[in-house]
Structure formats: structure tokens, C-alpha cells
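The values are calculated or read from the model by the stated rules, or taken from the named source; none is laboratory data. Computed from a predicted model, the values in this text were never measured in an experiment. FYI the Cβ positions are ideal-geometry reconstructions off the backbone, even for glycines, and counts take in every protein chain you see. Protein only, heavy atoms only, side chains kept; ligands, DNA and RNA dropped before computing areas. Shrake-Rupley method; radii C 1.70, N 1.55, O 1.52, S 1.80 Å.
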2 protein chains.
Amino acid sequence: MTVSKENRDNQSPSFPPKKKPKVTVVEVAEAAGVSVSAVSRAFNPDASISRPLREKVFKAAAALNYKPNRLARGIKSRSSLVGILMTDFNNPFYLPILSRFTSEIQNRSCHSLLIHVDGDMDIQEAVELVMEYNVDGLIITSASLPKELVDACRSQNTPAVIFGRDSSENSVTVVSCDNVLAGNMAADMLLDAGYTKPAFVAGPVGTSATIDRQRGFISRLMERGCNQWQVIEGGEFSYDAGYDATLRMFKSVERPDALFYADDIMACGGMDALRYDLGLRVPEDVGVMGVDDIRLANSRSYDLSTIRQPNEEMIQRTIDALFEHISDPQLPPQSITLPCEPVERGSTKKSK
Amino acid sequence: MTVSKENRDNQSPSFPPKKKPKVTVVEVAEAAGVSVSAVSRAFNPDASISRPLREKVFKAAAALNYKPNRLARGIKSRSSLVGILMTDFNNPFYLPILSRFTSEIQNRSCHSLLIHVDGDMDIQEAVELVMEYNVDGLIITSASLPKELVDACRSQNTPAVIFGRDSSENSVTVVSCDNVLAGNMAADMLLDAGYTKPAFVAGPVGTSATIDRQRGFISRLMERGCNQWQVIEGGEFSYDAGYDATLRMFKSVERPDALFYADDIMACGGMDALRYDLGLRVPEDVGVMGVDDIRLANSRSYDLSTIRQPNEEMIQRTIDALFEHISDPQLPPQSITLPCEPVERGSTKKSK
DNA sequence: CTGAAAGCGCTTACAG
DNA sequence: CTGAAAGCGCTTACAG
């Protein structure tokens, strides 16, 4: 007597919500009158299966409201999981980026495993954890990038692409904008506007973005014969860091007449310090620039001149490169550097 | 001849990076001279296993650099995955929140599956997708919450907690702050400061937070005998929405003398419109308030009076409640409403 | 507390 | 193209 199944189906529906029995390949196969292999193949885009068979399976699956169990699938095959490693959770720059990444990943019917890398847990540990999920690929947005991470990815043979960092690493794919160029452009904009004693407010120590921006900035200043520049450590990419660094800088004897911050959110903090604590006028007394072109840069309050990163394109290229590597792991790592673009707004004097 | 194993181990290490063979329970068991069950138990905190056995396993595991495969584990047991459903990716309010959630989830040795719910894909679909990963639990930050989502969770028996929304639903755990109270407080602060013609700039239509804030605001105004209020639709929670709504409002005949925005980022946009487009002084000509107390509210540029949500506590309570439900699925849903707190800054006149 | 064995839900050689 | 069967890496009754 095959009673067990019926039993299961109409088992006291009003009772304490028992875990609804999941429908599996077996049930679908039964319902469709085919093998489980057929069911499996039907749900795998590039498996060899005839149209009619696939449709039969889909029909049965739909009727039973079958959803493949990704976890089980992931054991032998792709997990459909993409890890996103993030550090800079207090930089608003990253929210829209995260937004686009997750959408794009979902568009390719994968999901995002978001890994928060912070002080407590070193990045190495983070990678190991994410590897336990057999992620198909990894996006790394961390500003500081330890070598071990890259090694871990390679040893696991997990495709990874680094977002927004410069291409010193040649063993892994990197998508970034040309930060040296960004520095050049900032120097030009400030010099063209007539500022003569500019300063660079650096970001997190040792991160390639800030190093390159500084290098590009200073070298262009000197090229153009400006020698009265200075550099100050800013610390992290945050409003407070920019604010504090600015106050510190203006305690010194040599006051700059223009400030180029390692990124926009620092510039916003700095501008507030200039205007509201130091009583200086922007752009008349001091010119201010940042990098990124975050939403706030285009607000009426800050109206910040900046160097815009081609975010949309960087994101698109990152996703494209990642999925290319996922489908063909033999692909050599590439290094994609996109140009950036100056955006002149009200925080600098008009260039002459 | 047991050659196969040795073969595997020292197989041409210099060759094209073959997928490094993962070490599994079987190898660890062999190395430790125990059963695979023992290995499994050693890695499951509440399995019954003796200390010495566990240590023996750990030693072997460490030597082999064994990491349990979470995917395989997830088939029969917990996936250690927590889904986070988000909509509002253009509200900076959510970045720190996301930061805390992911950290807390990682602290409990789980990981975050971040689901971006947007227009293209309805929330129903998002939930189904996330269910395919057998998430242990779900955090929902979506402002608008369709009933189907709640049903989906229940039918899958997946614990879920809704963050930042009001407790109209009684079938699922909700953590929010008292938004009616927030409205009351805003009304009090503006009235106490001497404003007499306040307006409410609403957020996304149909979301409980904005509805409740409006209700609390208006009802308190009327209680205190102020009848010259108005309400305008703001649209989404964003800088632009606040900016645009403000310009629209000031085209009308009846100009308000104080604005209470549904949230801080709208208030920032609005304040910029007031100051830079309409040439009004804040707080002298118009008082401005928001809700949330985002980082920017405390900047010198905006210096925004607001109603602070007890974010830290809301997050903590959300996580606690979620994990309680995960370990005991029979727990009844609770509805946790926390008080909020007025923060008086420079965008409103000093209360008398 | 411990082990041998069956099972989780899906995939993938292997034959046909 | 299709199916029967073995296997993925782990967990969990079931005995002892």
C-alpha cells in the first residue's frame, strides 16, 4: 500500500507550520515520467537535452512549484555565488557601487555573498571563509590588498577581479581608473584657476589609489613649475578624516591656497572645516577638489570640483571580466585602466 | 598498490593551475585515524563528541588545512547563510546599517547573501531565489513590504525579521522605532521654536515609516492648536526628491515657515533648495527637520535638526531576534518598537 | 561517546 | 538525446 505519499501531502495543514517538504528532482521526474538526469539537464542551460523533453520537465516543475536547491547543485557544479569583499563601509561612494554589483550579479542569475572585511578579521580569514562557499568568483573592493588574498584565489583557482585599485598586481584582473591621470588633472585645474600653493590631503596609507593620485598631482605641479606644494596625511576615506586633517593643516605656518583631497567625502569634510571653523571662503580664499564625483559633490552645499571616475563603465567591465573568467578559467588576467574626467564646479575658481 | 594517492599529492605542481584538490572529511578522518562521523561532529559545536577526539580531529584538520564545505553542509543542515533584502540603495542611511549587519552575521560565523530588490524583479521573485539557497534566516529592510513575502517565509518556515518598518504585520517579527512618536517630536520641536506654518514632505507612498511619521506630526500639530499645516508628496528617500519637492512647494501660494521631511537625506536636498535656489535663510526664514540622524546631518554644512533612530540598538535587536528564531523556530513573532530621540541642531530656531 | 551506513538534492561520466 | 548508477562532501538516525 503506497499510503506514505498521500499521507505526507495532506498532513494536518492547520498544525504548527512543519517545514514544508521541499519538492526535489525526484518528484519532478516522477510527475514528468522521465529520469532525474533529465530533470537535472532541463535546468542546466548548456546540458544536452531535446526541446520537447525539457519542456515536459518544465511543465511538471512548474506544476509542482519546483525550485532547484542551489546548495546541492553547488557541491558538484557552480554555486552561482559571487563573493564581494568590502572594507570601506563609511564611504558613501560604495553604496551605489554595491547596488550595481548586486543587480548585475542577479541579472546573471547568481547571488552576492557580501563579506565585510574589517580590522578584527584579516582579509586572509575572510577569503578562507568565502572559499568555503565555493564562490564562482570574487569581486574585491578593498582599498588595501594583501598579497595573500591574491594567492588564496589563485590556489583555489577562483576567478577574482579587483575593483578600483591600480594595476601593480599582474597576476589578477584589475579594473581601475587612471589615478595618476586624476592627479594630473587636479593639478591642472588648480593651477589654471590661479592657485599657487596647493596641498594634497592623502587617504589611507599604502593604498594604491591615494598614492597614485598624489604622484600624479605632485609631478604635474612640478612639471609646471609649482614648487610650493605640501602633503598631509588624511587617514581614512571619511568626512571626519578630511575635516580633521584640514584643521591640522591650517595650524601650520604655511597655509595652502588650494586643497586636493584623496577623495570626495574627505573634501566635503575639509570644506566644512574651511568654511565653518576657519572662516575661509571657498573658492576665493581656498580652492577645494576631490576625486570620485559622489552624489554629494553635486549638491548645492558642496558644489565640489572633482575628478570623476567612470563608475558605470568600471562596474560593467568588472562584471564582464569576472564572468568571462568564470566561464573560461584559463583566460589570462587583464588589467583594465579607464580614463577619468575633470568636473569643474564652484569649489574652485574659474580657470583662466 | 596504493599509488593513486601519492600520485595525486605531488602531481606536477608547476603545471597550469589545476583546481587544487579540496581536502574533505574523508582525508581528515584517515589522517586522524577516526571515522568521518567523528570529523563531522568535531566541526559541529553542539554534537556529542569527547574532548580528546575532537582535539585529535582538529589537529589532523589543521595539518591538512581542511575547511568544511559549507555548501555540502547546507544540504542537510544549516546553510549558515542569512539573506538581507534591500531596496533603498540610494539612501546613505543604509550603508552603515549594512555594515553592521554583515559584521554581526559574520561574528556568528554566518554569511550574508545580499539581495537587491528593485523594480525589475519583484520582491516575490527575490524571495524565491534566496530560498533556493536555504538561508537560515532573512533580514528585510525594504520600505514597502508585500504580503507575499511574509507568506513565502512562513511557508518555507524561514525565520525573518523586518527592520525599520512598523509593526502592522503581526505574523512576523518586526524591529522599528516609534515613527508616530518621531512625528510627535518633530511637531513639538518646530512649534516650541516658534514656527507656525509647518509642512510635511512625505517619502515613498505607502511605506509605513512615512505614513506614521506624518500621522504623528499632524496629530500633534492639531493637538497643540496649529491648523495651518500642509503635506506634500516627496517621492523617494533621496536628495533629489527632497530638493524637487521643496521647489514645488514654494511655488504655491501658502509658503510654510518650517519643513519636516520624511527623512534626513530628503531634508538635505530640501535645505539646499531653500538656501541656494530660493535664497531663504535656515533656520531664520524656514526651519528644517529630518529623521534618521545620518552622518551628513551632523556635518557643518547641514547641521540638521532631526529625530534620531536608535540604530545601534535596532540592529542589535534585529540580529538577536533573528538568531533566536533560527535556533528556536517555534518562537512566536515579536514586535519590537524602540523609542527615538530629538536632536536639536542649527537648522531650527532654538526652542523657547 | 563512537562508527558504519544511509541519505541530503543534485550532477556527471558511462553506456546506449 | 536519454537513463541507470555512482558520486559530490557532509550529516544524522541507528546501533553499540
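Some points to look at:
- Annotation: per residue accessible area for segment B:41-118 equals 44 Å², rounded to a whole number [probe 1.4 Å, protein chains only].
- DSSP beta bridges fully contained in chain A are about 10 percent antiparallel.
- Anisotropy class of the protein assembly as shown from Cα gyration tensor, a/c 1.5 cut: oblate
- Solvent-accessible area lost in complex, 40 Å² minimum, residues of segment B:72-89 relative to chain alone, 1.4 Å: B:I75, B:F89
- Rounded to 5, the percent of DSSP beta bridges in the protein assembly as shown classed as antiparallel: 10
- Inter-copy label distances at B:F58, shortest first and taken from points set 7 Å along Cα to Cβ: 5.2 nm.
- Computed over protein heavy atoms with a 1.4 angstrom probe, the accessible surface ordering of B:R345, B:R213, largest first, is B:R345, B:R213.
- Temperature 20 °C, viscosity 1.002 mPa s: under these conditions the Stokes-Einstein estimate for segment A:239-352, based on its Kirkwood radius over C-alpha pairs, is 136 µm² per second.
- Occluded residues from segment B:270-291, i.e. those whose accessible area drops by 50 Å² or more once the chain is not alone (1.4 Å probe): B:Y276
- Taking the label point 7 Å along Cα→Cβ, A:E233 and its counterparts in the other copies are spaced 5.3 nm apart, in ascending order.
- Taking every protein chain into account, the 1.4 Å probe leaves A:F58 with about 90 Å² of accessible area, to the nearest ten.
- When the residues A:V25, B:V135 are ordered by accessible surface, computed with a 1.4 Å probe over the protein chains alone, the sequence from largest down reads A:V25, B:V135.
- Label-point spacing at B:I75 relative to the other copies reads 0.1 nm, in ascending order, each point sitting 7 Å out from Cα along Cα→Cβ.
- Summed buried accessible area for A+B [probe radius 1.4 Å, Å², rounded to 100]: 5600
- Residues along segment B:210-249 losing 30 Å² or more of accessible surface when the other protein chains are present rather than the chain by itself (probe 1.4 Å): B:Y239
- Between B:G234, B:G287, B:G194, the residue with the greatest mean-square fluctuation in the GNM of chain B (Cα pairs under 10 Å linked by springs) is B:G194.
- Computed over chain B, Kirkwood Rh from alpha-carbon pairs, angstrom: 23.2
- Net +/- balance of residues flanking A:R224 in space, Cβ distance below 13 Å, scoring K and R +1, D and E -1: -2
- Candidate cross-link partners of A:K56 among the aspartates and glutamates, defined by an alpha-carbon separation under 20 Å and a same-chain spacing of 8 or more, comprise A:E27, A:E30, A:D46.
- Dividing the helix sum by the residues of the protein assembly as shown, where each DSSP H run of 4 or more adds -39500 (n - 2.57), gives a mean residue ellipticity at 222 nm of -12000 deg cm²/dmol.
- Solvent-accessible ranking of A:T87, B:T246, A:T196, largest area first, probe 1.4 Å: A:T196, A:T87, B:T246
- Surface share of carbon and sulfur [accessible, 1.4 angstrom probe, percent] for the protein assembly as shown: 51
- Solvent-accessible surface (1.4 angstrom probe) belonging to A:L280, in square angstrom, nearest 10: 30
- Cα gyration tensor shape of segment A:179-309, rounded if a/c is under 1.5, else prolate or oblate by comparing a/b with b/c: rounded
- Shape category assigned to segment A:206-265 from the gyration tensor of Cα positions, a/c cut at 1.5: oblate
- Proximity of backbone amide H atoms, modeled 1.01 Å from N, is registered between A:I84 and A:L113, A:L114, A:I115, A:I139 at under 5 Å, excluding neighbours fewer than 5 places apart on the same chain.
- Probe 1.4 Å - accessible area at B:E233, Å² to nearest ten: 100
- Across all directions, the average projected area of the convex hull around the alpha carbons of segment A:20-68 is 3.0 nm².
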